Amino acid sequence: MDLIQQLTSTTWGLGAAIVILGLCIFFHEAGHFLAAKWCRMRVEAFALGLGPPAFGVRLGETYYSVNWVPFGGYVKIAGMEPGEASAERGFYSRPRWMGALTIF
């Protein structure tokens with residue numbers, strides 16, 4: 001009985017840690033996303049997790065996805081990749097203070 005309690009306690013603890021970490025990542029990335037949208041930058045993707053998408057949907061110009069590797073996340077803003085500096089509504093087409101706000 002003691003072993004079962006210990007295993008379920010450990011499982012619940014790991015599950016809770018993963019959920020809390022996921023929420024922290026979500027709110028962190030949501031901050032970048034909202035700042036970029038507020039600065040009228042084109043956001044191409046908002047993803048929770050890394051790797052290939054488990055599922056996703058395109059709403060407007062942004063592709064929202066949940067990816068297979070559960071740690072991490074990213075916001076892809078137009079114009080941030082090498083060679084894209086002149087992208088319409090891209091990161092580098094906006095004033096520097098907007099870029100700094102979005103990164104911060």
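The values are calculated or read from the model by the stated rules, or taken from the named source; none is laboratory data. No experiment lies behind these values; they were computed from the predicted model shown. Please note: Cβ atoms are built from the backbone with ideal geometry, for glycine as well, and neighbour counts cover all protein chains shown. Side chains included, ligands, DNA and RNA excluded: accessible areas come from the protein's heavy atoms. Shrake-Rupley method; radii C 1.70, N 1.55, O 1.52, S 1.80 Å.
Side notes on the structure shown:
- Of all DSSP beta bridges in the stretch 2-104, antiparallel share, percent nearest 5: 75
- With θ taken as phi - 60° and the Karplus curve 6.51 cos²θ - 1.76 cosθ + 1.60 applied, the whole-hertz 3J(HN,Hα) list for the stretch 29-44 is 5, 4, x, 4, 4, 5, 5, 5, 5, 4, 7, 6, 8, 7, 9, 7 Hz, x standing for glycine and proline.
- Residues whose amide H falls under 5 Å from that of GLY73, counting only those 5 or more places apart or on a different chain, are GLY49, with hydrogens built in the peptide plane.
- Nonlocal amide H pairs with MET80, under 5 Å, H built at 1.01 Å: PHE91
- Mean ellipticity per residue at 222 nm, deg cm²/dmol - from DSSP H runs of n ≥ 4 across the chain, formula -39500 (n - 2.57): -15000 deg cm²/dmol
- Normalised per residue, the accessible area of the stretch 18-79 is 58 Å², obtained with a 1.4 Å probe and no contribution from ligands, DNA or RNA.
- Magnitude of the charge dipole for the stretch 1-67, about its Cα centre and with charges confined to Cβ atoms of Lys, Arg (+1) and Asp, Glu (-1), is about 340 debye.
- Taking only alpha carbon atoms, the stretch 24-104 gives an Rg to Rh ratio of 0.97, where Rh is the Kirkwood radius.
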